[in-house]
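One structure is given here, and the rest of the page talks about it.
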Amino acid sequence: MKFDDAMLQRLEKLSMLKISDEKRAEMIGELEKIVGFVDILGELDTENLDPSFSTLSGGTPMREDTPRENPEVRDIILEHAPKAEEDYFVVPSIIE
C-alpha cells in the first residue's frame, strides 16, 4: 500500500494527532514499512495450524480472577483526562 500526504491527513484526523511538517515524510516511510511487514505476514501458510497454537508448553498459565476495587485509581485516571464528567471520559464526536 502506498501512503501519501492525503492518507496521512486522514490518519491524523482519525487518531486526533498532529504530525509536524518536518516529520511527515519520515512518518509516511514508517507507515509503508509497517504495512509491508503485515503484507509479508499475510503470505504465511496457516492453513493447518491449530488456532490455539502456543509456544508455551502446557498453555498459558492461569491465575485466579479476583476483582479488586480501588476508587483512588479511577480518580487519578480521570484527573489526567482532558475532559471528564462524573465517572466518564468526554470525547469529541467523530461521526460526521
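Each peptide in 29-36, 12-19 gets a packing score, the mean of other Cβ atoms within 10 Å over its residues, and the list from highest to lowest is 29-36, 12-19. When the inverse distances between all different Cα atoms of the chain are averaged and flipped, the Kirkwood radius reads 18.9 angstrom. Note on region 49-96: semi-axes of the ellipsoid equivalent to its C-alpha gyration tensor, largest first and rounded to whole Å, are 37, 21, 8.
Bridging of residue 2 to aspartates and glutamates at a Cα separation below 20 Å is possible for 12, 21, 22, 26, 30, 32, 39, 43, once same-chain residues fewer than 8 apart are set aside.
Across the options 37, 11, 66, the greatest Cα extent toward the positive end of the charge dipole of the chain (unit charges at beta carbon of Lys, Arg, Asp, Glu) belongs to 11. Taken about its Cα centre, region 40-84 carries a charge dipole of roughly 260 debye when the Cβ of each Lys and Arg holds +1 and the Cβ of each Asp and Glu holds -1. Taking the Cα centre of the chain as origin and assigning +1 to Lys and Arg Cβ atoms and -1 to Asp and Glu Cβ atoms, the resulting dipole is close to 220 debye.
Computed from the coordinates by the stated procedures, all read-outs in this text should not be read as laboratory data. Not measured: the values here are computed from a predicted model. A quick note on method: Cβ atoms are made from the backbone with ideal geometry, for glycine too, and the neighbour counts reach across all protein chains shown.
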